[in-house]
1. Name the residues in the stretch 114-143 that are aliphatic (A, V, I, L, M) and either open to solvent by 50 Å² or more (accessible area, probe 1.4 Å) or not in a loop (DSSP other than H, G, I, E, B) (or both), would you?
2. For the stretch 218-240, enumerate the residues that are open to solvent by 10 Å² or more (accessible area, probe 1.4 Å) and hydrophobic (A, V, I, L, M, F, W, C).
3. Is it the case that some residue within the stretch 286-302 is of a type in the set (D, E, K, R), at pLDDT below 95 and out of contact with any Pro (no Cβ under 7 Å at 6 or more places or on another chain)?
4. Could you tell me whether any residue of the stretch 96-109 is within 23 Å of G33 (Cα to Cα), surrounded by 20 or more Cβ atoms within 10 Å (Cβ to Cβ) and in contact with a Leu (Cβ under 7 Å, 6 or more places away or on another chain)?
5. Please list, ordered by first then second residue, the pairs with beta carbon atoms under 8 Å, 6 or more apart or interchain, first in the stretch 390-405 and surrounded by 11 or more Cβ atoms within 10 Å (Cβ to Cβ), second among the aromatic types (F, W, Y) and in a helix (DSSP H, G or I).
6. Looking at the stretch 162-217, which of its residues are part of a helix (DSSP H, G or I), open to solvent by less than 30 Å² (accessible area, probe 1.4 Å) and at pLDDT 90 or above?
7. Just give me the residues in the stretch 21-50 being in a strand (DSSP E or B) and not hydrophobic (A, V, I, L, M, F, W, C), in sequence order.
8. Taking the stated definitions as given, is E157 outside any loop (DSSP other than H, G, I, E, B) and open to solvent by 60 Å² or more (accessible area, probe 1.4 Å)?
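The values are calculated or read from the model by the stated rules, or taken from the named source; none is laboratory data. Keep in mind that what you see is a predicted model, and the values were worked out from it rather than measured. In this analysis, Cβ positions are derived from the backbone assuming ideal geometry, glycine residues included, and neighbour counts consider all displayed protein chains. For the accessible areas, the whole protein counts, side chains as well, though only heavy atoms, and no ligand, DNA or RNA atoms are used. Shrake-Rupley method; radii C 1.70, N 1.55, O 1.52, S 1.80 Å.
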Amino acid sequence: MTTSKPIFIYLQRPDNGSWVTIGRYRRGDTGIGLFQYAPSYLDAGLSWSLDPVNLPLAANLEYPATRYGGLHDVLRDACPDAWGRALIQREYGISDSAPQLDYLMLAGNSDRWGAIAVGTAKKAPVAQFSTPPISLIQDLATELQAMQMHRPAVRPELRRKLLATPSMGGARPKAVVREAAKDGGAFWLVKPILASDTQDLPRLEHAMQVWGTLAGLNFAESRLIPQGETSPLSLFLSRRFDRQDGRRLLTLSAASLLQTEYPAQGGGTDQPAWTYPDLAHTLIQIGAHRDDALELFDRMLFNALIGNDDDHPRNHAVVFEASRQRWRIAPAYDVVPNVDFTPDRLAMRMSRGKREISRSAALADWKAFGFSSEAQAKERIDGLVARFVDTYQEIEPMLDDSLRALMSERIAQTRKLLAP
């Protein structure tokens, strides 16, 4: 079999932050990709696998990949999605039908998701961050909006910076900024309001993050810079959970864990593999704490209540917790209600056999979430819904009149579907 020139995969070690070559990828002329762990990595006794489901540590074994044009799931995670792909197309003139491998290589390592980097040298480089300071957030947001509307650069040097760091996923324009070290040095994902938005989505997304946290769920920390005297645009900021103390953290999407393709072939969302109970089972399988399966159940109910039908498997993830040497569910992110209509189903099925938002669907696979009985699951649903409704009163003032009306009606409608 004729193969492509090898591409080497590098990992920032969870223990000391140094970079190491973890394996090699090559692509055959049949379109099948092959990954093998580096003998030097295994001989050193390093124990971190790139993907505990698809790529467990093994010597002298080449793992094949047929999805994504022969790209392994964890490498697909490191590729940009719609917005980043659009930037790469503008910068390099490649087509949307170009192989995923091209997007992986062209995205660059400076701001890639998770803890891996890629390159053509056997020795691991030091993959440096090139993240703009948070002081430039307003200018970056203005530039993002201009790019989305295909307008000339407002600040050409910032546009070049954005074009050079297209690694983040999702369809909406976004950038990453970093706080000064004296303020903690955290990395923040920035999403501005767009001219095409019918609602103030930054305000709505921030309110959902705050609401989830108030209700006791593990949601990513967020901020809102409202449109007003200090900001010409409404901006949503979400703290990146794959960064800590200046290091990159091993991160995997649920699409990788479930071994399912996203976006799905043909663009459909009715995928049997996209289920909450299967993800809960996989969390337990890879050694996550059993509380993580219950956390996932709680998020499923929250998504159902607010009508977030963008809960596809790349909007769920796990992060490797170095201090305890185990995978844990990542904080919830990209939790935004559908503002155009009230959905009757989620992207991720509530049960293996049912797609609709309903109490029976939420209860159908109660064992997968670690409940000891169906009665215990019923009790949790009722307690969750009551808690969600109670804490909504605290975040309701954060919404404008239009969003308040939308959410009040949404909650009333979906509460009925989850009621006994």
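1. Start the filter on the stretch 114-143 by keeping residues that are aliphatic (A, V, I, L, M), which leaves 115-118, 121, 124, 126-127, 134, 136-137, 140-141.
Result: I116, A117, V118, A121, V126, I134, L136, I137, L140, A141.
2. Within the stretch 218-240, the subset open to solvent by 10 Å² or more (accessible area, probe 1.4 Å) is 218-219, 221-230, 232-233, 238-240.
Passing the criteria: F219, L224, I225, L233.
3. The first filter runs over the stretch 286-302 and keeps only residues of a type in the set (D, E, K, R), leaving 290-292, 295, 298-299.
Filter once more, so that each one left must be at pLDDT below 95: 290.
With out of contact with any Pro (no Cβ under 7 Å at 6 or more places or on another chain) added as a condition, the list becomes 290.
Yes: one or more hits.
4. Checking the stretch 96-109: at least one residue is within 23 Å of G33 (Cα to Cα), surrounded by 20 or more Cβ atoms within 10 Å (Cβ to Cβ) and in contact with a Leu (Cβ under 7 Å, 6 or more places away or on another chain).
5. T391/W211; Y392/W211; E394/W211; I395/W211
6. Matches in the stretch 162-217: P202, L204, E205, H206, A207, M208, Q209, W211, G212.
7. So in the stretch 21-50, the residues in a strand (DSSP E or B) come out as 21-28, 33-37.
Of everything in the stretch 21-50, those that are in a strand (DSSP E or B) and not hydrophobic (A, V, I, L, M, F, W, C) turn out to be T21, G23, R24, Y25, R26, R27, G28, G33, Q36, Y37.
8. Values: outside any loop (DSSP other than H, G, I, E, B): yes; open to solvent by 60 Å² or more (accessible area, probe 1.4 Å): yes.
Yes; evaluated as a whole, the condition is true for this residue.
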